[in-house]
Amino acid sequence: MTQDILDELLATAEKPSRYIGTEVNAVRKEKANVRFLLAFPDTYEVGMSHLGLQILYSVLNALPSVAAERCFAPWPDREHQLRLRRLPLTSLESKSPMADFDVIGFSLQYELSYTNILNMLDMGGIPLKSSDRLNHHPLIIAGGPCAFNPAPLSTFIDAFVIGEGEEAVAEITAAVAAGKKQNSSRNALLENLAAIDGIYVPALQGKNTIIKKRKVIDLNAWPHPVTPVVPLMQTVHDRIVLEIARGCTRGCRFCQAGMLWRPYRERNAKLIADMADQALRATGHDEISLLALSSGDYSCIEELIRNLMRKHYAERVALALPSLRVESLSQTLIEEIRRTRKTSFTLAPEAGTDKMRQIINKGNTAGDLLASVDQIFAAGWKSIKLYFMIGLPHEEDSDLDGIIDLAYQALRAARRRGQVTVSLSTFVPKPHTPFQWEKQLSPDEIYSRQNFIRQRMNNRNLSVKWHDARMSLLEGLFSRGNEKIGDLLLLAWQKGCRFDGWSEIFRFDLWQEAMGEAGIHIEDYLRERSVTEPLPWDNIDCGVSRDFLLSERQKSDELTATPDCRYDACQNCGVCDFSETQNIFSDKDLPAAAAEVKPPSVATLEKVYRLSFAKTGSARFLSHLELAMALTRALRRSSLALAYSAGFHPHPKISFSTATSVGMESRQEYMDVTAFEYPNDLCLLQDEINAALPEGIKITDLQLLSYAAKDLARALYGFAYDLMIPADMDEEKMQNMAKSIDEFLAAESFPISRQSKGKNVTRDIRPFVEAMTLNAKEKKVAVTVRHAQTGSVRPIDIILHVLGFPADQTQQVYVIKTKTILV
């Protein structure tokens with residue numbers, strides 16, 4: 001794909017930054033024995049928030065002979081662009097077609113992304129079914145939690161990675177490299193993959209072959225990522241994510257992750273602190289998320305948080321614990337987290353009554369929750385989110401009443417200090433859990449229970465959100481589905497289903513049509529399963545024994561809790577052998593942090609630095625917010641001590657002259673940065689900042705302002721633009737354009753009409769234009785415009801109303817802002 005075509009596509013994309021691929025820390029290798037494409041079947045902003053993708057990208061690119069690149073599901077506008085021009089889906093880094101890679105690895109995180117997998121394969125020019133692929137086609141592999149029931153995708157995926165991938169991907173690439181060297185056939189390559197522990201090749205291994213989960217015993221041996229790719233656009237989780245522990249010993253009976261990722265393994269606290277230091281230096285992010293299935297259970301959590309805050313508080317780095325159990329929330333955790341930023345706090349009681357929490361083995365009480373809510377609001381938070389699950393086994397109306405009562409009690413605990421949001425998800429029985437045999441509610445039953453709760457919550461400080469019951473239905477079909485569900489998937493994709501987890505795109509009517517044609521009766525898949533019947537995932541061994549799952553199911557019927565094995569005796573789940581495989585805890589070797597690094601004293605005089613910068617190439621397609629984020633992160637990585645605002649949400653004191661339009665190249669923009677005096681040569685600082693910026697953004701000048709200097713808002717006078725006319729414009733049109741320019745300049749007024757916020761507005765643009773000249777030889781119109789408090793004139797106004805381009809041809813004029821004029 002040429003740069004001209006790429007720019008044309010970016011110019012008309014809804015969110016062009018999804019497809020640019022010039023991020024900080026992205027890896028580009030010119031030569032490699034194996035080319036591996038990490039394909040995430042959702043949008044860029046979702047995929048780039050996923051830690052697993054960043055880990056595998058780092059692991060693979062650390063292998064000298066492997067080049068890993070990324071690809072994400074294209075939004076419908078992008079799909080339309082590519083299909084209209086018959087262009088293939090490509091990687092971000094090298095813009096190579098998917099079909100040019102040796103291996104394509106899909107991440108299976110959510111069942112409702114399955115149609116995107118088929119769509120990406122089709123747009124990459126790769127046959128959808130494994131049986132139709134030839135020797136020259138890439139190997140299509142997949143891994144992640146959904147791979148623990150591979151049956152629905154077994155027609156389309158060549159090989160599944162069952163379990164954790166850090167070690168497995170190195171063995172896969174080694175097998176592929178050896179096969180390429182020997183010019184092996186596709187079948188021979190698949191046979192080599194099938195010989196690797198934890199790899200399931202449906203075409204070669206039948207249901208009688210048991211595939212045991214791969215697991216990484218020691219997380220400390222895999223300190224990835226410390227230089228994560230920094231997204232160009234705002235993502236779902238725009239922060240550093242550090243995995244502090246993997247697995248969970250709590251044993252919630254509905255939780256698939258808690259069963260799949262056993263045993264419990266902690267990363268050493270000292271290593272986590274070191275990784276945080278490296279990641280902050282490499283990214284400029286202002287938040288660290290300490291990730292685990294239950295962050296508060298990490299054995300050194302308080303010491304770790306105190307260490308991180310003492311080192312990074314001066315940089316206003318916030319800490320997030322995204323998965324906190326109610327009973328693990330201590331006053332120390334609250335006090336440390338609240339020091340930098342207080343947005344919303346999330347807790348997951350899951351059920352409304354202590355009875356239901358016994359059934360699911362949640363292990364906490366209503367009293368625990370309310371005590372935590374009171375602590376959170378008392379510490380200054382203004383809102384709290386409570387996650388509940390409806391449709392769990394043995395749930396009755398009284399348990400729904402319990403959710404309502406608990407929500408109102410939480411609101412009373414807020415004492416008018418804030419907002420409580422209740423989020424209702426739907427129970428979906430998952431493979432390899434004690435509830436894998438249970439019935440799933442039908443959509444009508446879900447709607448009934450959702451309405452029961454919604455109608456009884458009518459306080460303005462108490463809001464309710466709920467999950468689409470139709471999406472939960474599909475999730476259930478694929479979660480416990482067999483190979484026949486793969487036929488349904490293909491039909492639904494052929495009818496146009498995409499992004500089924502996105503409400504604005506979800507087409508349940510098409511799924512209903514496909515179910516009818518495929519002969520799928522939903523009651524066959526939602527029903528309770530007999531413990532004696534075969535299950536589609538019986539050939540997959542996650543490590544937890546079937547006997548343990550059955551025992552846990554029986555305990556749920558009896559309202560009996562199972563103790564946590566980290567505090568009690570082994571519960572015989574079957575995972576640990578107590579030699580190689582067992583729970584691992586952090587060493588208590590985290591050295592006490594040095595004296596807290598405090599921000600400069602308020603008595604220290606703040607200085608204002610004015611930076612001039614350019615945005616060119618693909619960077620011109622960044623929005624103003626994306627551009628500001630990239631510059632701010634680069635400043636945070638530099639040795640300049642930034643000044644921050646006060647209050648609950650401290651931000652660097654940075655201001656911009658104006659916001660440049662998406663798609664417009666600019667050779668001169670300005671930003672003012674308030675900071676403490678930089679003691680060294682400003683040229684060194686300029687080089688530091690430029691080294692931390694994405695391709696296409698460059699600081700061109702950096703000056704310390706005098707105290708008498710005007711701020712940008714008062715100093716801004718106007719702008720100079722070059723409007724580059726298409727090179728093939730004929731002489732007659734150029735002459736007409738010159739005449740139009742002369743008439744415009746001779747006019748005392750030049751009113752135009754344009755749409756603004758849905759209204760037709762008339763505006764006289766003549767007073768804003770100071771100069772306009774046509775250079776016929778260079779096919780360029782140079783324009784100088786004045787800026788005022790009431791606004792200015794936009795280049796598009798000149799192109800449409802003065803130069804006379806039709807609205808559908810304005811993209812032919814390439815606009816360059818050559819100067820921002822200050823006085």
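The values are calculated or read from the model by the stated rules, or taken from the named source; none is laboratory data. What you see is a predicted model, and the numbers here were worked out from it, not measured in a lab. Positions of Cβ are backbone-derived with ideal geometry, glycine not excepted, and every protein chain shown enters the neighbour counts. What goes into the accessible areas is simple: the full protein's heavy atoms, side chains included, and nothing from ligands, DNA or RNA. Shrake-Rupley method; radii C 1.70, N 1.55, O 1.52, S 1.80 Å.
Condition first: of a type in the set (A, V, I, L, M, F, W, C), over 34 Å from the mean Cα position of the chain (by Cα) and in a helix (DSSP H, G or I). Now tell me which residues in region 171-215 satisfy that. If you could, list the steps in order and put the result at the bottom.
Within region 171-215, the subset of a type in the set (A, V, I, L, M, F, W, C) is 172, 174-178, 188-190, 193-196, 199, 201, 203-204, 210-211.
Checking the rest, the ones that are also over 34 Å from the mean Cα position of the chain (by Cα) come to 178, 188, 204.
Scanning region 171-215 gives A178, A188.
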Hey, can you tell me all the residues within region 45-79 that are of a type in the set (G, A, S), more than 27 Å from E504 (Cα to Cα) and buried (at least 24 other Cβ atoms within 10 Å of the Cβ)? A67, A68
Close pairs (6 angstrom Cβ cut-off, 6 or more residues apart or separate chains): in contact (Cβ under 8 Å) with a residue 24 or more places away in the chain and surrounded by fewer than 16 Cβ atoms within 10 Å (Cβ to Cβ) in region 497-526, among the aromatic types (F, W, Y) and in a loop (DSSP other than H, G, I, E, B) anywhere: I505/F499
Starting from region 764-787, take each residue that is over 16 Å from P751 (Cβ atoms) and list its partners that are open to solvent by 50 Å² or more (accessible area, probe 1.4 Å) and not in a strand (DSSP E or B), counting only C-beta distances under 7 angstrom and pairs at least six apart or across chains. M772/L745; K779/A727
Within region 216-231, track down each residue that is part of a loop (DSSP other than H, G, I, E, B), open to solvent by less than 10 Å² (accessible area, probe 1.4 Å) and among the aliphatic types (A, V, I, L, M). V216, V229
Test: residue in region 723-732 that is part of a strand (DSSP E or B), closer than 26 Å to T820 by Cβ and out of contact with any strand residue (DSSP E or B) (no Cβ under 7 Å at 6 or more places or on another chain): no
From (1) under 23 Å from C248 (Cβ atoms); (2) buried (at least 19 other Cβ atoms within 10 Å of the Cβ), pick out the condition that doesn't hold for W381. (1)
Among strands (runs of 3 or more DSSP E) completely within region 765-823, the ones holding 3 or more residues that are in contact with a helix residue (DSSP H, G or I) (Cβ under 7 Å, 6 or more places away or on another chain) are 780-786
Going through (1) more than 18 Å from F719 (Cβ to Cβ); (2) open to solvent by 50 Å² or more (accessible area, probe 1.4 Å); (3) not acidic (D, E) one by one, H801 fails only at (1)
For region 527-563, which residues satisfy the criterion of being of a type in the set (D, E, K, R), open to solvent by less than 20 Å² (accessible area, probe 1.4 Å) and either at pLDDT below 95 or part of a loop (DSSP other than H, G, I, E, B) (or both)? R529
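Can you tell which of E335, E327 is over 25 Å from R253 (Cβ atoms), at pLDDT below 90 and open to solvent by 50 Å² or more (accessible area, probe 1.4 Å)?
Criteria check complete, one pass: E335.
Give me a count of the residues in region 650-682 that are under 28 Å from the mean Cα position of the chain (by Cα) and not hydrophobic (A, V, I, L, M, F, W, C). Quick ask: steps written out before the conclusion?
Initially, region 650-682 is screened for residues under 28 Å from the mean Cα position of the chain (by Cα), giving 650-656, 659-665.
Filter again for not hydrophobic (A, V, I, L, M, F, W, C), leaving 650-653, 655, 660-661, 663, 665.
Residues in region 650-682 being under 28 Å from the mean Cα position of the chain (by Cα) and not hydrophobic (A, V, I, L, M, F, W, C): 9 in total.
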Taking V781 and the conditions (1) modelled with pLDDT under 95; (2) under 25 Å from K615 (Cα atoms), which numbered condition does it fall short on, given that it satisfies the others? (1)
Which residue, of E266, E166, E243, is open to solvent by 20 Å² or more (accessible area, probe 1.4 Å) and either of a type in the set (D, E, K, R) or on the phi > 0 side of the Ramachandran plot (or both)? E243
